[in-house]
Amino acid sequence: MRYSYVEILMGAVVLTTAIFFLTLGMQSIDKNQKDGYELSLLFGSSAGLKNGDDVKISGISVGKITNLNLDPADYNARIHIKLNNDIKIPDDSQARITSSSLLGGNFLDIIPGSSETFLKPNDIIYDTKDAVSFTDLLGKVVFSK
């Protein structure tokens with residue numbers, strides 16, 4: 001079986017392009033995971049959040065959700081986030097789960113407090129509000145008298 005030079009050249013171009021995009025993707029993943037510090041938050045429900053969702057303050061992305069797990073002591077959702085190093089969160093701040101649109105896509109919204117002391121890496125934010133479920137609200141409206 002003979003291969004023409006055009007087929008070999010096109011295969012090399014496709015392979016080189018794939019390696020380029022793979023390298024570019026790996027660099028952006030490494031860049032996002034190196035910088036920042038971690039905090040934890042306790043919620044009654046994670047309400048559709050997932051790893052990689054945004055953490056926002058005043059609508060601006062300041063970090064990412066890195067892990068979600070169940071706290072075995074009280075069965076609350078423990079959400080681990082990584083914030084940019086230049087963002088300092090006052091220790092009396094609140095957090096809530098907010099949906100970005102009617103079609104879905106939740107994010108974590110932090111409402112900064114007014115305290116002069118700031119949270120340190122690996123601290124926990126306890127003042128949290130669970131997301132309001134659209135289906136629960138709809139059920140209350142439909143079945144209320």
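What follows is calculated from the coordinates using simple rules that are stated; it is not laboratory data. The structure presented is a predicted model; accordingly, all values stated were derived computationally and were not measured. For neighbour counting, all protein chains shown are included, and Cβ atoms are generated from backbone atoms with ideal geometry for every residue, glycine included.
Points worth noting:
- Model label sites at Asp127 and Tyr5, defined 7 Å from Cα along the beta-carbon direction, differ in position by 7.3 nm.
- Relative intensity of segment 68-145 on a log10 scale, I(q)/I(0) at q = 0.24 Å⁻¹, equals -1.23, per a Debye sum over C-alpha point scatterers of equal strength in the absence of solvent.
- Restricting attention to the chain, the count of lysine pairs at 8 or more positions apart or across chains with alpha carbons under 19 Å apart stands at 22.
- Looking at segment 1-85, the chymotrypsin sites (Phe, Trp or Tyr not before Pro) that sit in a DSSP loop and have at most 11 other Cβ atoms within 10 Å of their own Cβ are Tyr3, Tyr75.
- Rounded to the nearest 500, the helix-only mean residue ellipticity at 222 nm of the chain stands at -9500 deg cm²/dmol, with each DSSP H run of n ≥ 4 adding -39,500 (n - 2.57).
- Multiplying each eigenvalue of the alpha-carbon gyration tensor of the chain by 5 and taking the square root yields semi-axes of 41, 23, 13 Å, largest first, rounded to whole angstroms.
- A Förster radius of 35 Å, combined with the Cβ-Cβ distance separating Ile60 from Phe20, puts the computed FRET efficiency at roughly 0.70.
- The chain: angle of helix 5-34 to the longest principal axis, Cα-based, in degrees nearest 10: 20
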